[in-house]
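Only one structure is covered here, and it is reproduced in the block below.
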Amino acid sequence: MPVINRIADYADDLTAWRQHLHQNPETRFDCHETAAFVAARLREFGVTEIHEGIAQSGIVAIIEGQGDGPTIGLRADMDALPITEETGAAYASVVPGKMHACGHDGHTTMLLGAARYLAETRNFAGRVALIFQPAEEWGGGAEVMVEEGIMERFDIAQVYGIHNAPGLPLGEFHGRAGPLMAAVDTLWVTVSGRGGHAAMPEECVDPVAAIVSMVSALQTIVSRNRKGTDALVLSVTQIHTGSADNIVPESGWFCATVRTYDKTVRDMVEVRCAEIVNGIAAAMGVRAEVNFERGYPATVNHAAQTEFAMAVAKDVGQGAVVCEPEMGAEDFSYMLESRPGAYLFLGQGEGAGLHHPQYDFNDAVAPVGASFFARLVEQAQPRT
């Protein structure tokens, strides 16, 4: 069962919508104009139940099917990134310093395409909840929408999402049951000592030496504190200290990103980071302030829903491939913690990677994603 013919007929409209959104990016929770565009299209489709202002600028719209049944949730993120665009496209961003460098303009467009079809046909039982979410890139908009009660308020029984994937074959879906993407946490450490002349180190308490030791010792968490089968990345990414070649600085700081799939491993890393940093600080006579900042949890797909979604993907796309998990992060994880569901990647062919200033969503893939969303609803909740 390939792309739905009726959705294929929307191709020009999908492209126009997507390119309009691409030209007018908004970031974080400030997606008000994007949300207004979405709401206007939904009203044109005949959708009458549109709930706006969730998580500041998010939308949940309800389409009623034919007959009783549960509510299935479909999610698209709307926000852009603080990146200056370098695509040279005729529809390039007109907002300085902001661009859709991750394809959320395409995700929103695909869900709008599915909404148009579902509102026309209503060939399903129960209801579908269309979730248009702000602040995926920063701020955890999915968490905020869940905390504001969308799952309970709209009685959502299961939830699905997709993300475009440059480099994967056009129209090919990738996914897996279990962990798909990692939890992301940030370690921040500030080290304070006593500065002075570098020619007289005996009069100083050197924070640089302590920081170097801490950075080196933290790598033993990966090599010595976790089982070989437990996925873990700990990468120190910044070290800042000093102002001259002959001065021992008063203080310095560093930070690291931590990626895990397992909650037990995540907890262990937080404890060991504090133990290692504080132990070295005590040994070297410096003061250390440790902050382990938890970010998005791991994106963990539910087995039954993933099997179902992959079957639908195989029907509408160019195949469905079971993939390996990756260490990127995604705030759809909060929705999957709240309700069973699945998240898949949708290949969009060759091109610049995500978060690159030359990235652009491939409009040719929009009918595939819209068809996937529509078929999910029709097959999950068939009319009786």
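Just so you know, all these numbers are worked out from the coordinates, no wet-lab data involved. Remember, predicted model here, so these are calculated numbers, not experimental data. Neighbour counts run over all protein chains shown; Cβ positions are idealised from the backbone, glycine included.
Observations
- Nearest-0.05 FRET efficiency for Thr186 and Asp245, computed from C-beta distance (R0 22 Å): 0.15
- Paramagnetic label zone (point 7 Å from Cα along Cα-to-C-beta, His197; backbone N under 18 Å) in segment 226-247: 243-247
- In range of the label at Ala304: residues from segment 337-365 whose backbone nitrogen is under 15 Å from the point 7 Å along Cα→Cβ: 339-342
- Loop sites in segment 118-204: chymotrypsin sites (Phe, Trp or Tyr not before Pro), DSSP, at most 16 other Cβ within 10 Å: Trp138
- Val222-Thr264 pseudo-label distance in nm [points 7 Å out on the Cα-to-Cβ vector]: 2.2 nm
- Longest exposed-site-free window of the chain, the sites being trypsin sites (Lys or Arg not before Pro) in a DSSP loop that have at most 14 other C-beta atoms within 10 Å: 1-226
- Rounded to the nearest 20 debye, the dipole magnitude of the chain is 780 debye, with +1 charges on Lys and Arg beta carbons, -1 on Asp and Glu beta carbons, and the Cα centre as origin.
- Computed [θ] at 222 nm, helices only, for the chain once each DSSP H run of length n ≥ 4 contributes -39500 (n - 2.57): -11000 deg cm²/dmol
- Cα-centred dipole magnitude for segment 1-131, charges only on beta-carbon of K, R (+1) and D, E (-1), debye, nearest 20: 220 debye
- Computed FRET value (nearest 0.05) for Arg43 with Val233, which takes r as the C-beta separation and R₀ as 35 Å: 0.20
- Dipole-positive endmost among Asn246, His51, Thr190 within the chain (Cβ charges, Cα centre): His51
- Between Arg153 and Leu354, the FRET efficiency estimated from the beta carbon spacing at R0 = 41 angstrom works out to 0.80.
- Given charges at Cβ of Lys, Arg, Asp, Glu: the chain dipole, positive-most of Ile211, Trp138, Val3: Val3
- Each pair of Cα atoms in the chain enters the Kirkwood radius, and Stokes-Einstein at 4 °C and 1.567 mPa s then converts it into a translational diffusion coefficient of 58 µm²/s.
- Whether segment 183-294 is rounded, prolate or oblate, judged on the alpha carbon gyration tensor where a/c under 1.5 counts as rounded: prolate
- Farthest towards the positive end of the charge dipole of the chain, among the residues Ile83, Ala177, Gly328, is the Cα of Ala177, using unit charges on the Cβ of Lys, Arg, Asp and Glu.
- Listed by chain and number, the aspartates and glutamates whose C-alpha is less than 20 Å from the C-alpha of Lys227, apart from same-chain residues fewer than 8 away, are Asp185, Asp262, Asp267, Glu270, Glu275, Glu324, Glu326.
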